[in-house]
Structure formats: structure tokens, C-alpha cells
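What follows is a short report on a single structure.
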Amino acid sequence: MSKIPLNYGGEGGGNRVGVKELTGIARRLRKHSTDTERHLWRHLRDRQRDGFKFRRQQPVGRYVVDFVNFEKKVVVELDGEQHALDPGDKIRDEWFRAEGYKVLRFWDNQVFSNLEGVLETIREVLLTPHPDPLPCLRRSGFAQAGPRGEGR
């Protein structure tokens with residue numbers, strides 16, 4: 001499969017781009033999925049993993065992730081050789097952790113050589129309670145109420 005020319009800072013964004021641009025990038029990535037992404041998607045789609053819904057090539061913040069489950073805040077990233085020493089992946093992962101996401105990274109060859117192991121790892125993370133409280137959501141300028149009703 002040929003490489004898709006995308007005009008943004010690396011796979012999934014990272015540079016300041018608007019929502020429309022990220023949506024367009026995600027749409028192109030879905031349309032031109034890798035063989036590995038298509039293979040794993042066949043097993044994640046339609047709530048096949050214990051009823052958990054996944055989205056593929058989904059904008060999250062300023063990034064586009066390979067797969068995400070918003071209910072449990074789990075991101076699944078598939079990495080080919082281009083990610084072997086990519087410092088941008090560490091920055092992405094730190095941003096996701098700060099937002100309360102658990103990031104799972106698998107090499108492309110793991111998806112083909114050990115699919116059951118990959119799926120079991122994803123399943124275990126989905127079924128494990130989140131170890132830390134999720135970050136406070138702020139919407140429309142109002143802070144969520146604290147335990148006694150006061151804002152945070």
C-alpha cells in the first residue's frame with residue numbers, strides 16, 4: 001500500500017490544527033487503513049470485545065488515534081517500523097495519560113503473529129477498574145462540583 005501524503009505534523013496530528021482538519025485527517029486515515037488496522041478492526045468493531053464500543057481513526061484532543069474506547073478511556077495504537085524511535089509517541093502518550101487515558105501500543109507484527117494475545121491484553125485493560133480518578137471535566141466555564149458541592 002502506498003504512503004498517503006498528509007499535510008500535518010506526523011501521523012495523527014500533534015500540531016495545532018482545527019477540528020475540521022483533524023476530522024478530515026481521520027476520514028482519510030480510515031479510508032486508507034493499513035492491513036494491520038483492518039485486521040484488528042475486524043475483531044474490535046460491533047462491540048465484539050465484551051460489549052465495549054471502539055472507534056477507529058478517531059480525533060482525541062489534538063491527535064488522531066488508531067482505536068479508542070471512550071467509556072474506559074483506552075487508546076490502542078498500532079506501530080510499524082516508523083515508530084521504533086519516534087519521540088513524538090512519548091509526547092502523545094504523556095498527553096493521553098494526563099487526560100486519563102490508558103495507551104496500549106502493539107507492533108504490527110504482534111497483531112498478525114499473536115492476535116489472541118493482543119485481544120486478551122485489550123480485554124484485561126477494559127475490564128480492570130481505572131487505578132486513578134479521571135481528570136475533572138470542565139465545560140462551558142463551569143467547574144464540576146466537589147464532594148461538598150463547592151467548585152474545584
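Please treat every number below as a calculation from the coordinates, not as lab data. Quantities reported herein were computed from a predicted structural model and do not represent experimental measurements. Note that each Cβ is placed from the backbone with ideal geometry, even for glycine, and that neighbours are counted across all protein chains shown.
Things to note:
- Rough spin-label spacing in nm, given labels placed 7 Å along Cα→Cβ, for N109 and D86: 1.8
- Volume per residue for region 18-124 equals 105 cubic angstrom (convex hull of Cα atoms).
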